[in-house]
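To start, the structure under review is shown below, and the notes come after it.
The values are calculated or read from the model by the stated rules, or taken from the named source; none is laboratory data. Keep in mind the model is a prediction, meaning the values are calculated, not measured. Note that each Cβ is placed from the backbone with ideal geometry, even for glycine, and that neighbours are counted across all protein chains shown. Note: accessible area is taken over every heavy atom of the protein model, side chains too, but ligands, DNA and RNA are not part of it. Shrake-Rupley method; radii C 1.70, N 1.55, O 1.52, S 1.80 Å.
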Amino acid sequence: MPLFDLPLDELRAYRGESTEPADFDTFWDGTLQEAREHELGTRFERVASGLSTVEVYDVTFAGFGGHPVKGWLRLPAGATEPLPLVVEFLGYGGGRGLPHENLLWASSGRAHFMMDTRGQGSAWGGGGGTADPVGAAPAYPGFLTRGVDAPENYYYRRVFTDAVRAVEAARSHPLADATRTVALGASQGGGISLAVGGLVPDLVAVAPDVPFLCDFPRAATLTDRHPYREIALFLKTHRGRAADVLRTLSYFDGVHFAARGRAPALFSAALEDQTCPPSTVFAAFNAWAHEDKAIEVYDFNDHEGGGPYQEAAQLHWLRSYA
């Protein structure tokens, strides 16, 4: 696919099309306060993974509504002192997988917590184990329009709340250094890490890789690739509801969370990415509030972005922070 979005010099100035709700902070303060009325109740249960250099713990904690959310905590074998903590969020449709997967961050000498995404885990990878017990209004198949009738009902209200609670759960382990916590992820995981970066005030770094869930008004009209296409297909049936849908989505737009980012950040964008168009990524990057920020640009890549090259960039970059 040739370049289809704005030229790079325009991307570096692009600010996005989403309008921030006046009560954005009030909405999220209330959401997190409500979630914290439930005991976190984190449980760490060591599993027999068959690995000799990494220890793996099956984790359960209370997320949105007190619902049980799963995760894996991976630690370098034999660790005795608190370690820098990497909290990772997953791409769309995937689950936490199996205990022996995703060993990069523990192999780098860090504690690594991977949150399962509620209701997902059946599209790729090794599966997931977290249900989403909340019902919803009519939606197009997928997750992007689930509960889109109102911000209070929207699916990603639950996911982003789970993610903040995941940071709290991971930090509660004695071998996790809460003062050196990083949030990262790719695609949907990148969008979730943006939300966490805006909602958790004391992270040391955030690394959103080709992030999803940014600049919804542009994404929904620029690309015909899923998942953003779910929005247009919902509105194709539910005619005349575009303004209401975009209002709901504005409470979950990564651009608005980015404006509250209080940690150094390393983004990435791919200029042929039709899944998460580069303009939507740059809208979040340009909004990121902390002055210590950088973006890796992959000129001829689609949504795979930098892949292992971006992982190498993250490994090098994180040495300065965690």
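Pull out a ≥ b ≥ c, the square roots of the eigenvalues of the alpha-carbon gyration tensor of region 45-108, then state rounded if a/c is under 1.5, prolate if not and a/b is larger than b/c, and oblate in the remaining case. Please list the in-between numbers first.
On the way: a/c = 1.72, a/b = 1.54, b/c = 1.12.
Verdict is prolate for region 45-108.
What is the distance, in nm, between label points placed 7 Å from the Cα along the Cα-to-Cβ direction at Glu291 and at Thr80?
Computed distance between label sites Glu291 and Thr80 equals 4.3 nm.
Order of 23-36, 191-204 by packing, highest average Cβ count within 10 Å first?
Per-residue mean Cβ counts within 10 Å order the peptides as 191-204, 23-36.
Do the sum for the chain: with -39,500 (n - 2.57) for every DSSP H run of n ≥ 4, divided by all residues, what is the mean residue ellipticity at 222 nm, to the nearest 500 deg cm²/dmol? It would help to have the intermediate numbers written out before the result.
On the way: 11 runs with 100 residues, N = 322.
Per the formula, -9000 deg cm²/dmol.
What is the set of long-range amide H partners of Ala178 at a cut-off below 5 Å, with H atoms built 1.01 Å from backbone N?
Result for Ala178 returns nothing.
Apply the a/c threshold of 1.5 to the C-alpha gyration tensor of region 227-322 and tell me whether it is rounded, prolate or oblate. Intermediate values should be presented prior to the final figure.
Values: a/c = 3.26, a/b = 1.64, b/c = 1.99.
It comes out oblate by the Cα gyration axes.
Taking all protein chains in place and a 1.4 Å probe, what share, in percent, of the accessible surface of the chain do carbon and sulfur account for?
51
Looking at the chain as a GNM with Cα springs under 10 Å, which of Phe257, Phe300, Phe143 has the largest mean-square fluctuation?
Per the Cα network of the chain with a 10 Å cutoff, Phe300 tops the list.
In whole Å, what is the distance between the alpha-carbon centres of region 194-208 and region 262-304?
Spelled out, the Cα-based centre of one part sits 15 Å from the other.
Based on the Cα coordinates of the chain, what is the per residue volume of their convex hull in Å³?
121
What ranking, highest mean first, results for peptides 232-239, 148-155 when packing means the other Cβ atoms within 10 Å averaged over each residue?
Sorting 232-239, 148-155 by mean packing, highest first, produces 148-155, 232-239.
In whole Å, how far is the Cα centre of region 2-70 from that of region 146-187?
That distance is 3 Å.
Would you mind counting up the charge near Gln274? Only other residues with Cβ under 14 Å from its Cβ, with Lys and Arg at +1 and Asp and Glu at -1.
-3
What ranking do 106-114, 207-215, 124-132 get when scored by the average of other Cβ atoms within 10 Å per residue, highest first?
On the way: 106-114: 21.4, 207-215: 29.3, 124-132: 17.2.
Listed from highest to lowest mean packing, they are 207-215, 106-114, 124-132.
Considering Cα pairs under 8 angstrom that are at least six residues apart, work out the relative contact order of region 256-300 and quote it in whole percent.
It comes to 55 percent, rounded to a whole number.
In percent, what relative contact order does the chain have, based on Cα pairs under 8 Å that are 6 or more apart in sequence?
Contact order relative to length: 18 percent.
How much area per residue is accessible in the chain when the probe is 1.4 Å and only protein heavy atoms are counted (Å²)?
Counting only protein heavy atoms, the per-residue value for the chain is 39 Å².
Assuming a ≥ b ≥ c are the square roots of the Cα gyration tensor eigenvalues, decide whether region 171-249 counts as rounded (a/c under 1.5), prolate (otherwise, with a/b larger than b/c) or oblate.
prolate
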